[in-house]
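Only one structure is covered here, and it is reproduced in the block below.
The values are calculated or read from the model by the stated rules, or taken from the named source; none is laboratory data. None of the values given here were measured: they were computed from a predicted structure. Note that each Cβ is placed from the backbone with ideal geometry, even for glycine, and that neighbours are counted across all protein chains shown.
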Amino acid sequence: MAKRKEPKPPWQPPKEGGGFLRSISIGRPAGEAAAQFPFDVPAIAKTRELAFHKKVTFFVGENGSGKSTLLEAIAKVAGFNAEGGTKNFRFSTVRTETELHRHVSLVRGTRREHDGFFLRAESFFNVASQIDEIGMKGAYGGKSLHEQSHGESFLALVEHRFGRDGLFLMDEPEAALSPQRQLALLAFMDGLVQHMRGQMIIATHSPILLAYPDATIYAFSENGIAEQAYEDTEHFQITRDFLNNRERFFRRLFAPPEET
């Protein structure tokens, strides 16, 4: 008698690794444009290729280092609306994107995403307004995002709109979240990438989010873009040192001008 085959689950994790986006290549415009923003930002000017972790990749760096600018360009080339939302969103309130997306090429994996969202803190209000305008709040928990606190609406969007086999880009999601809510976001991220086959690329300043295990962290600096261990990031080190030695920090920060 033939051995009875066990039924397969509705989906199988990939045997080998690669996310929906494997890597990007960054080109340069001709002429004077190469010396103008954003191509004059050192991290962008000195980078030609960048590979992504199959699950979670972080961009970290000082304000103005180029991390949000590059994330926006990736989102644009991947088909997302520049101000945020799904690939079906086509609204525009204020033009925010640079010309960088015209010089960024994506290297995709063998799998293609079936879901996706570009969530950016600075234009979240516009996305929430668009959701109300098109009558889609049912897909985001059934309650207008404007009728919730900033942090509640962020998590409601992630919980109700981020689904299986999705590519999710987030720009400084911690801007609306308390430390406790950042931990909640970490837990949801883990569910997305471990059990729902998602891939995430996140620009952040949060040492809490950056602590997600087995992620790739890219530090943006004057020297370009380089992979960095969590404990070597400035965000981790300054937070740790401040919490352990805050009185020393206060003495330096609050010292009279003549002493500094």
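Test His235 against the stated conditions and say whether it is outside any loop (DSSP other than H, G, I, E, B), of a type outside the set (A, V, I, L, M, F, W, C) and touching a strand residue (DSSP E or B) at 6+ places or on another chain (Cβ under 8 Å). So His235 passes the test.
Among the residues of region 82-99, none qualifies, meaning not one is outside any loop (DSSP other than H, G, I, E, B) and among the aliphatic types (A, V, I, L, M).
Taken residue by residue, region 222-232 has at least one member that is of a type outside the set (D, E, K, R), at pLDDT 95 or above, surrounded by 12 or more Cβ atoms within 10 Å (Cβ to Cβ) and farther than 18 Å from Ala43 by Cα. Take Phe124 and tell me if it is modelled with pLDDT of 65 or more and crowded, with 18+ Cβ neighbours inside 10 Å. Answer is no for this residue. Taken as a whole, the condition of being modelled with pLDDT of 95 or more and either crowded, with 21+ Cβ neighbours inside 10 Å or in contact with a Ser or Thr (Cβ under 8 Å, 6 or more places away or on another chain) (or both) does not apply to Gly84.
Against the numbered list (1) farther than 28 Å from Ile26 by Cα; (2) aliphatic (A, V, I, L, M); (3) in a strand (DSSP E or B), Ala219 comes up short only at (1).
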